[in-house]
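Worksheet for the structure shown next.
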Amino acid sequence: MKGDGMLIFFALLALASSFATAYDPSPLQDFCVGINDADSAVVVNGKLCKNPSFATPDDFSYSGLNVPGNTSTQLRAHVNLITADLMPGLNTLGVSLARIDFEPDGGLNPPHYHPRASEVLLVLEGTLYAGFVTSNPDHRLFSKILKPGDLFVFPFGLVHFQMNVGKTPAVAIAALTSQNPGVNTVANAIFGANWPINSEVLTTAFHLDKKLVEDLQSQEWVNPS
């Protein structure tokens, strides 16, 4: 009986854990500081919901992904990410979409990761070099040259990139598994942090000369959007 009781206990514990997991959604923001004052609170994990009686087809549609983005930027690329802010019907559905435009010969969506999503990339035009790097300790690079019609998947939370290696403009569509996937561009986060990270930290971590680190920190770091 004692053994049976332990089995029942662990079964109930597992069942409770599964309910807790199903009930508590994944975070859609970087952090959420607990607060007791309702007047100072904000909505998290989505938006307030419109009365279904007032919903229209416009809530579930978006026009404009046929329009090329402005690639006259430092990185010569542009990302147009469609989230629930632009397409309200995406709210709570756990998906979003992006169009990425690249200039020829080096237009770059730089190394970055999505803290709340995995991603599937579909190349529509041009030739892209795309890849991702696995986490510690292996840091394996998985990369391919992609052409129109090719797909590539970037696993949840891993650093990845795309670069146009062709002589013509490139266009890709990315589908992400969150209505608010978040983007953390590695170089921007490291060298463009606000406030700046102590240069000694970066000098040691990246095996760089301190003067080079300080020069990098003094530059303007922009995102491809």
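Please specify each residue of segment 94-110 satisfying the condition of being over 12 Å from Asn164 (Cβ atoms) and open to solvent by 40 Å² or more (accessible area, probe 1.4 Å).
From segment 94-110, those over 12 Å from Asn164 (Cβ atoms) are 94-99, 110; that's our starting set.
Residues satisfying the conditions are Val95, Leu97.
Scanning segment 76-93 for residues that are open to solvent by 30 Å² or more (accessible area, probe 1.4 Å) and touching a residue at least 24 places away in the same chain (Cβ under 8 Å) yields Arg76, His78, Val79, Asn80, Leu81, Leu86, Met87, Pro88, Thr92, Leu93.
Among the residues of segment 38-60, which ones are closer than 30 Å to Ala170 by Cα and open to solvent by less than 60 Å² (accessible area, probe 1.4 Å)?
Going through segment 38-60, the residues closer than 30 Å to Ala170 by Cα turn out to be 58-60.
Passing the criteria: only Asp59.
Name the single residue, out of those in segment 10-60 being polar (S, T, N, Q) and at pLDDT below 80, that is farthest from His114 (Cα to Cα). Lay out the reasoning, then the answer.
Applying the first criterion (polar (S, T, N, Q)) to segment 10-60 yields 17-18, 21, 26, 29, 36, 40, 45, 51, 53, 56.
Going one step further and asking which of them are at pLDDT below 80, we end up with 17-18, 21, 26, 29, 36, 40, 45.
Numbers: Ser17: 26, Ser18: 25, Thr21: 21, Ser26: 13, Gln29: 11, Asn36: 30, Ser40: 28, Asn45: 16 Å.
Checked segment 10-60; the qualifying residue farthest from His114 (Cα to Cα) is Asn36.
The residues of segment 89-110 that are in contact with a Phe, Trp or Tyr (Cβ under 8 Å, 6 or more places away or on another chain) and farther than 26 Å from Leu128 by Cβ amount to a single one, Gly89.
Among residues of segment 113-126 that are within 18 Å of Asn164 (Cα to Cα), those with a beta-carbon under 7 Å from a residue that is among the polar types (S, T, N, Q) and buried (at least 16 other Cβ atoms within 10 Å of the Cβ) at least six positions away or on a different chain give the pairs Leu121/Gln162; Gly126/Asn164.
The values are calculated or read from the model by the stated rules, or taken from the named source; none is laboratory data. All figures in this text were calculated on a predicted structure; none of them were measured in a lab. For neighbour counting, all protein chains shown are included, and Cβ atoms are generated from backbone atoms with ideal geometry for every residue, glycine included. Note: areas computed on protein heavy atoms with side chains; ligands, DNA, RNA excluded. Shrake-Rupley method; radii C 1.70, N 1.55, O 1.52, S 1.80 Å.
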